[in-house]
Amino acid sequence: MTACLECGFEYDLALAPTVSTLVTSHADAYTDLLRADPPALRRRSSPEVWSPLEYACHMRDVLLVQRERVLAARRGDTPVAESMGRDERVEHDGYADQRPADVARQLRDAATLFANVLDRLSPADWERALIYPFPEREERSLRWLAVHTLHELRHHLLDIRHQLA
């Protein structure tokens with residue numbers, strides 16, 4: 001994966017060391033959007049598209065899962081990152097029923113936790129690898145994982161803005 005056809009994001013792996021700062025600024029943008037009218041945040045534009053609140057919950061969980069994946073790659077050689085069950089979490093964790101203010105706070109906390117583990121990586125750590133399940137099961141570096149996480153944040157921020165417009 002070198003670019004996202006939907007949002008235009010370019011996978012520039014040289015960007016990885018700056019991701020921690022970008023992640024926290026993106027979390028601020030989510031927080032701002034989560035101040036919208038709660039019914040608008042819970043509304044799906046169509047049944048198969050998540051609501052803005054559901055996208056925000058997803059990103060909170062992505063940041064927490066990615067943090068654990070970074071830590072696992074630092075603990076062992078080429079661990080396997082299992083699927084986070086993204087679609088199942090929407091129902092299992094009741095994304096649509098969560099309070100936007102709580103999700104905003106949790107997302108900022110998750111961004112801070114993820115940024116912290118990235119900031120602690122040495123130059124050699126950035127090249128540590130794990131088996132990543134998406135878009136296809138493949139060995140990926142922590143550099144790629146950081147950039148991919150930034151892509152997720154940007155992509156879903158656009159999804160939310162589109163729905164709230």
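Taken together, the values in this text are just the output of simple stated rules run on the coordinates, not laboratory data. The model shown is predicted, which means the values in this text are computed figures rather than measured ones. Cβ placement follows ideal geometry from the backbone for every residue including glycine, while neighbour counts extend to all protein chains displayed.
Here Ser46, Ser83 are placed in order of increasing Cβ neighbour count within 10 Å, fewest first, which gives Ser46, Ser83. Positive end of the dipole of the stretch 7-160 (Cβ unit charges, origin at the Cα centre): among Leu71, Val90, Phe134, the Cα lying farthest that way belongs to Leu71. Within the stretch 88-165, the GluC sites (Glu not before Pro) that combine a DSSP coil assignment with at most 12 other C-beta atoms in a 10 angstrom radius are Glu136.
With springs only between Cα atoms under 10 Å apart, run a GNM on the chain and tell me which of His155, His58, His92 wobbles the most. Per the Cα network of the chain with a 10 Å cutoff, His92 tops the list.
When the GluC sites (Glu not before Pro) in the stretch 1-53 are filtered for DSSP coil states and for at most 16 other beta-carbon atoms within 10 Å of their beta-carbon, the remaining sites are Glu6, Glu48.
Candidates Pro38, Leu118, Val49 compared by Cα position along the dipole of the stretch 13-164: farthest toward the positive end lies Leu118, with charges placed on Cβ. What full-extension length gain, to one decimal in nm, is calculated for Leu5 and Arg86 as 0.36 nm per residue of separation minus the Cα-Cα distance? So the extension gain works out to 27.1 nm.
Around the Cα centre of the stretch 77-161, unit charges on the Cβ atoms of Lys, Arg, Asp and Glu (plus for the first two, minus for the last two) sum to a dipole of about 400 debye.
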